[in-house]
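What follows is one structure encoded as structure tokens, with my remarks underneath.
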Amino acid sequence: MWYAEAMSLDEATRERIAGLLKEHRVTLFMKGTRSFPQCGFSATVVQILDQIVPGEYQTVNVLSDPAIREGVKQFSNWPTIPQLYVEGELIGGCDIVKDMFASGELHGALGVQMGEVAPPSITITDSAAAALRGALADAAPGESVHIVVDGRWQHGMDLGPKGATDLEVEANGIKVFVKPMMASRLDGLVIDYVDGHIDGPGGGGFKLDNPNAPATVKQMTVQELAAKLDSGAPFELFDVRSPQEREICVIANARILDEGAQKHIMGLPKDTPLVFHCHRGQRSQQAAQFFLKQGFTDVTNVAGGIDAWSVDIDPTVKRY
């Protein structure tokens, strides 16, 4: 076992870790919990495991136990968290789990039969097809377009040879390949090419629109907020700052996010436009993320907060 080489690990912690590994066939040491991961790497591994072994693995929150947090690194001779174990043996961290998931090896390691996977439906616009044909014309023989999506819903495209397990999709005359484990996450993907999308005017870039991706917190400039207020558009504006800060300055029509406001929000339809601001945008971003997790789909943070409002919109609003 891995712990046999970890001579510096105290016996009590070693036995605790070994005991945890005996409790379940699959164990993930992570930051946070399965329902609330507290780092992106842990969240990625949880998302992958939830697709393969839902309800059939245990997680150990190392943030709640400093001895386990440091001890498991010595136990496994592996310096980072998360760490995934199957039947007491270390599989690896986030990058290894992602690679094994993409190749299909993770199913085998977990003892799960991988069923037949249908190729995803992918749309390639005319402009994107033209750009891809140009890239393929300069590619090495045998190279094709590969599309990937990771646990954070970040997409990528590259050129390379077809893998043994890759699924082939043809759209608008272009062949693209995807890993079987990514097929369901890429179903419905639309690939476009937009002039000026990157590198400013005159540049261009691919734009990938995935309908499966979860909603994210939008960002709004203070200029956009001012225009939205002037237009009378329906939305709910909340101030995340403290009552003491609001005594210094406020943005008109912004309601303090107190207990009453939170109850009010939870009673609103989930598609209600919610906008949050604070002093400079950090606290309001956290509040926006919280309500996004509650199921609200149109959630926006005001970048720069009331400080940017004072500088760019209304200089009579006192700065602090």
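Each reported figure results from applying straightforward, stated rules to the coordinates on display, with no laboratory input. In this text, all values refer to a predicted model and were calculated from it rather than measured experimentally. A quick note on method: Cβ atoms are made from the backbone with ideal geometry, for glycine too, and the neighbour counts reach across all protein chains shown.
Springs between Cα atoms under 10 Å define the GNM used for the chain, and in it the highest mean-square fluctuation of Gly32, Gly93, Gly55 occurs at Gly55. In plain terms, the residue of Trp78, Trp309, Trp153 with the fewest other Cβ atoms within 10 Å comes first and the most crowded comes last, giving Trp153, Trp78, Trp309.
Here the relative contact order of the range 218-312, from alpha carbon pairs under 8 Å that lie six or more residues apart, stands at 37 percent. Across the chain, the mean sequence separation of Cα contacts (distance under 8 Å, 6 or more residues apart), normalised by length, yields a relative contact order of 12 percent.
Ordering Ile124, Ile147, Ile248 from the fewest to the most neighbouring beta carbons within 10 Å gives Ile248, Ile147, Ile124. Along the range 219-230 the Karplus relation, 6.51 cos²θ - 1.76 cosθ + 1.60 evaluated at θ = phi - 60°, assigns HN-Hα couplings of 10, 10, 6, 5, 5, 5, 5, 4, 5, 5, 5, 5 Hz to successive residues, with x for each Gly and Pro. Each Lys and Arg adds +1 at its Cβ and each Asp and Glu adds -1 at its Cβ; summed about the Cα centre, the range 122-209 shows a dipole of about 200 debye.
Counted over the chain, the DSSP beta bridges are approximately 55% antiparallel. In the range 2-110, the DSSP beta bridges split such that about 65 percent are antiparallel, to the nearest 5. Could you list which residues have their amide H under 5 Å from that of Thr300, counting only those 5 or more apart in sequence or on another chain, with H placed in the peptide plane? Under 5 Å from the amide H of Thr300: Lys218, Leu274, Val275, Phe276.
In the range 277-320, if the dipole is taken from +1 on Lys/Arg beta carbons and -1 on Asp/Glu beta carbons about the Cα centre, which of Thr300, Ala287, Pro315 is farthest to the positive end? Result: Ala287, furthest along the dipole toward the positive end. Magnitude of the charge dipole for the range 86-161, about its Cα centre and with charges confined to Cβ atoms of Lys, Arg (+1) and Asp, Glu (-1), is about 240 debye. In whole Å, how far is the Cα centre of the range 54-126 from that of the range 127-160? Comparing the Cα centres of the range 54-126 and the range 127-160, I get a distance of 27 Å. A helix-only calculation puts the chain at -10000 deg cm²/dmol for mean residue ellipticity at 222 nm, using -39500 (n - 2.57) for each DSSP H run of at least four residues, averaged over all residues. Among the GluC sites (Glu not before Pro) found in the range 213-294, not one is both in a DSSP coil and sparsely packed, with 10 or fewer other Cβ atoms within 10 Å of its Cβ. Listed values for the range 258-275 are Karplus-derived 3J(HN,Hα) couplings in whole Hz (6.51 cos²θ - 1.76 cosθ + 1.60, θ = phi - 60°), namely 9, 4, x, 5, 5, 5, 4, 4, 5, x, 7, x, 5, 9, 5, x, 10, 10, and x replaces Gly and Pro.
Each of the peptides 268-277, 289-298 was scored by the mean count of other Cβ atoms within 10 Å over its residues; in descending order, highest first, they stand as 268-277, 289-298. Couplings for the range 75-84, taken from phi via the Karplus curve 6.51 cos²θ - 1.76 cosθ + 1.60 with θ = phi - 60°, read 4, 9, 6, 10, x, 10, 10, x, 9, 10 Hz in order; Gly and Pro are left as x. Amide H contacts of Ser121 (H built 1.01 Å from N, in plane; Pro and chain starts excluded): Gly188 sit under 5 Å, all sequence-distant by 5 or more or on other chains. Please state the shape class of the range 62-192: rounded when a/c is under 1.5, otherwise prolate if a/b exceeds b/c and oblate if not, all from the C-alpha gyration tensor. It comes out prolate by the Cα gyration axes. The magnitude of the dipole of the range 2-110, with charges of +1 and -1 set on the Cβ of Lys/Arg and Asp/Glu and taken from the Cα centre, is near 260 debye.
Using only Cα coordinates, the Kirkwood hydrodynamic radius of the range 2-110 works out to 13.8 Å.
What net charge is computed for the residues neighbouring Leu268, neighbours being all others with C-beta under 14 Å from the C-beta of Leu268, Lys and Arg scored +1, Asp and Glu -1?
Net charge in that neighbourhood comes out at 0.
Dipole of the range 122-209 computed with +1 at Lys/Arg Cβ and -1 at Asp/Glu Cβ about the Cα centre; of Gly204, Ser127, His155, farthest Cα towards the positive end is His155.
Under the simplified labelling scheme, the Glu11-Glu23 pair shows an inter-label distance of 2.3 nm, with each label point 7 Å from Cα along Cα→Cβ. In terms of packing, defined here as the mean over residues of other Cβ atoms within 10 angstrom, the peptides 33-44, 99-110 line up highest first as 99-110, 33-44.
Within the range 218-312, antiparallel bridges make up roughly 0 percent of the DSSP beta bridges whose residues both belong there.
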